[in-house]
1. For the range 149-166 and the range 238-256, compute the distance between their C-alpha centroids and round to whole Å.
2. Among residues other than residue 296 whose Cβ falls under 13 Å from its Cβ, what is the net charge (Lys/Arg +1, Asp/Glu -1)?
3. Using θ = phi - 60° and the Karplus relation 6.51 cos²θ - 1.76 cosθ + 1.60, list the HN-Hα couplings for the range 74-82 in order, rounded to whole Hz, with x at every Gly or Pro.
4. Hand me the GluC sites (Glu not before Pro) from the range 393-443 located in a DSSP loop with no more than 10 other Cβ atoms within 10 Å, in residue order please.
5. Say R0 is 51 Å: what FRET efficiency, to the nearest 0.05, do residue 313 and residue 356 get from their beta-carbon distance?
6. Å³ per residue of the Cα convex hull, for the range 3-276?
7. How long are the semi-axes of the equivalent ellipsoid of the range 215-322, defined as square roots of 5 times the Cα gyration tensor eigenvalues? Whole Å, largest first.
8. Share of the range 3-276's accessible area from carbon and sulfur, percent, 1.4 Å?
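The values are calculated or read from the model by the stated rules, or taken from the named source; none is laboratory data. No experiment lies behind these values; they were computed from the predicted model shown. FYI the Cβ positions are ideal-geometry reconstructions off the backbone, even for glycines, and counts take in every protein chain you see. For the accessible areas, the whole protein counts, side chains as well, though only heavy atoms, and no ligand, DNA or RNA atoms are used. Shrake-Rupley method; radii C 1.70, N 1.55, O 1.52, S 1.80 Å.
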Amino acid sequence: MSLYLGIDSSTQSMTGLVIDTDEQAIVAEASINFDEHFAEAYDLESGVVDFGHGVVHGQPLVWVEALDFLFEHLQAAGVDLGRIEAIAGSGQQHGTVYLNEMAEEVLEGLSGELPLKDQVSNIFSRATAPVWRDTSTTTQCREIEANVGGTGQLLSLTGNTAFERFSGPQIRKFWQEEPDNYEETDCICLVSSFIASLLAGRLVPVDPGDGSGTNLMDIRTRQWAPTALEATAPDLAARLLPVTPSTKSAGTISPYFVQRYRMNDTCRVLPFSGDNPCSLIGLGLVQPGQIAVSLGTGDTLFACIPDPVVSEDGEGCLFASPDDTHYMALICFLNGSLAREAVRDRYALDWEGFAQCLKSTHPGNNGGMMLPYFDPEIVPHIPKAGVVRENLEADDASANVRAVVEAQAMSSKIHARWMEVPITSISVTGGASANEGILQIFADVHGCPVQRFETTNGAALGAALRASQGHHPEIPWPDIVEPFTQPASGFIVQPDPAAVETYAGLIPDYEALERRHQETIE
Ligand code: ADP
Ligand code: XUL
């Protein structure tokens, strides 16, 4: 029996997923929801602390506690943790964790006698961690672009223009606003490399998949770009570990997990990557041309591509694939599940009621449209929250439910054009992919089948597959992913030709509405 564990430390939860590669099966899945366990103690809502003015942070100690809880849950579920050969993981992208000079020694000396939280609470030079939902760094974005010689320079060097949520602008803001605490910072981790460091009991470097979400990495060499580091904050190079290949082992598991959870001391830890790059693997996108959508806290649409293609209008993102060969083109919508939940809650529905509303309304919504900016939006760039309704009564629950999902699906089609990848089928993952009514709208808007898999935790599955590949690098990627990425039977949603036609006619209207709104607020 060869077991591999994938851990996804995402915005709202930490999930562990165990695969058995001999049986070609997922044998365990456990999830720790942050709000459920820690909302009160850490002042959380939807997994984060909203400080206002676009400042949104996570709590590193929540992730530390959740890691212990997760191992306890897996053990209680009867998983023989001693048989796990390797662990890899995924983290919500872009978030930064700031560690002081004690971190290295504390991580190396972890004892199985005490919970992790009791041992690591003094290793932080900043109590909270800015995460991807933070929109407060527009000034820093423009400064960094100017410092490297312009937006185009940053785009061609790192694959991305400066985005508010990316790590570089967040680090710059910290240095500007808290220079003393920046000075006290010995090492800046990403969420991914922070969790990997807890597991390995040493500081684990960032992988290129997550490194490319920082505005600091040269997208072609997959190493930090000195020009970008200098443009961001002083002595930043000294505060980062070198970028490491995603497939290269970061060493064996910390004695902490051997003592406390009877892990095998030969169990390897692979560098963690970002949640979207791990979903790329978990949905089987290891060959160019394949497309997927993740419907999590935010929504993303992404593709595996062979060469670095950049988004000239600055909307899209380019990441390195954790297969260490390909690239990943991505668009990120902040108003994903957060917007669907806002509509659901406004009309006092549950998900069942939400699904009923989709069923009782028709494609095209009788011309009713919504721009669903419950929060500022990343794509298209909308700096200020504000919901717009056109031909849509605010008190019509069913029409508003359909409008929010249609808007999201149409937006995902409009803004994916720069990728230049024909969309002929879409694989889906994330919590909201459980909802078939939502998938039908994505199928109809994109005019192609949408397929769902056994698990909605594509990032955790991708991490587990990365762990198995790290243990068996001789097996080609397609053979690693193939047994785990067959659509579960009955889980292919086909487009309805009449609805496809309706949306083809509606998309130009939606795009015009979006553009008019963007012009009025800029
Ligand atoms: P993340 O990885 O960003 O933490 P997940 O992929 O775990 O997020 O998805 C969590 C989200 O899934 C929840 O916020 C919830 O809104 C959404 N969700 C869960 N079940 C359903 C459902 N049946 N219909 C629509 N959305 C759902
Ligand atoms: C992608 C992005 C989000 C986070 C959280 O660029 O910001 O999708 O990775 O899931």
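1. Result: 26 Å between the Cα centres.
2. Neighbourhood net charge equals -2.
3. Coupling constants for the range 74-82: 5, 5, 5, 7, x, 6, 7, 4, x Hz.
4. Qualifying residues, ordered by number: 393, 420.
5. Values: r = 38 Å, r/R0 = 0.75.
For residue 313 and residue 356, the calculated efficiency is 0.85.
6. 116
7. So the three semi-axes of the range 215-322 are 28, 23, 13 Å.
8. Carbon-and-sulfur percentage of accessible area, whole number: 44.
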